[in-house]
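Each reported figure results from applying straightforward, stated rules to the coordinates on display, with no laboratory input. Note that the structure is a prediction, hence the values are computed from the model and not measured. Here the Cβ positions follow ideal geometry from the backbone for every residue, glycine too, while neighbour counts run over all protein chains shown.
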Amino acid sequence: MTTTSTNSGDERLSALGEALIALTTDLNLESILKRVAEIAGRLIKAKYAALGVPDGQGGLAQFTTYGMSEDELLLMDRQPRGRGLLRELLTRETPLRVEDMSKDPRSIGFCPRHPHMTSFLGVPIISKGKHLGNLYLSDREDGQPFTEEDEQLISLLAANAAIAIENARTSDQLRRLAVIEERDRISMELHDGIIQAIYAIGIKLELMRLKHTDDTLIAGQITEVNTDLNRVIDDLRRYITNLRAGVEYTITLREQLEEIAERFRQVSNARLVMDVSRSFAGLTESHVHALVQITREALSNIVRHANATEVYFDLHETPSHIALVISDNGVGFDPSTVQPGIGLHNIRQRVRHRNGTVEFIAKPGRGVTIQATLPI
């Protein structure tokens, strides 16, 4: 090895070390995925890099890129699905290097309007036997194929990325658990502390009223204050019930959605990817009923009409509403010439009944996307 190549290797190791220090301080999963893809691309001077997260069904649930412009991403019909060489990496635990993808029998080419790429380096991100993701790199800036040293550096990055991803997921789980525990703590304090204190004040007021029965004005005012205190107690009790019910309703909702998803997979060959929040603070029984019915209606529509190969389901909560997105890559329709059927009509009615909003985005050959929000 020459002095120049040795220095270059030392510089890359130093750069990797600095990047890993920054990575270990980040506990946001989305940020980590973007950082790792960028670090990989910069580290070995690749034109393109990406990090794919498996969906557990032989495909990719998430695909974060580096090196592609916003215009290039917008021109692509869809993100990679985890086929060809990408699928090959999903089924192995060792890196994969290919000098020319067009000559590899495992390659199936690129989706429409995807940038042309030649060389390939793929490295799995594995922790405790669990496949967390894959790093994909293509085309070194100097035009040379990827080397064994490139592979070793990216493998080292992947090992550290696995730790960062696990830490972020653990942090997220602990945060959500802390929210649930905090709700329980608040509800107990409200019930055992504040409500009991208000109740004691009410008793004192009632004793004062009994002492002033001869003064109708004072007695009447005390009665009014006591009535107001009882209303406050009732409001607090309802608040406590909602705090505890939010956890129970979240469990109920997730169980019912999983059941609907299982039935969908039994009757459809489409790959269903579901992304559902672990907890919903503002969830009520009415929300659960509406969301379950909307989901059932939407997936039933896809089975009967869409001829889709992929379906994406996203359900999350914001401070003001619950947001639901269901999209497919099926045949779609032209809203200017085709009226939505009874299924979409039912969805619109259910959302409006909850004072929510819903939008149907459809294009011939490009599937249908349902975007709904329910206030909390």
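Structure data summary
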quantity: Rel. contact order, % - alpha carbon contacts under 8 angstrom, at least six apart, the range 254-372; calculated: 25
quantity: Nearby lysines by direct alpha-carbon distance to residue 103 (threshold 24 angstrom, same-chain neighbours under 8 apart not counted); calculated: 45, 47
quantity: Cβ-derived FRET efficiency at R0 41 Å, residue 284 paired with residue 221, nearest 0.05; calculated: 0.65
quantity: Cα-projected label distance for residue 207 with residue 114, points at 7 Å along beta-carbon direction, nm; calculated: 7.9
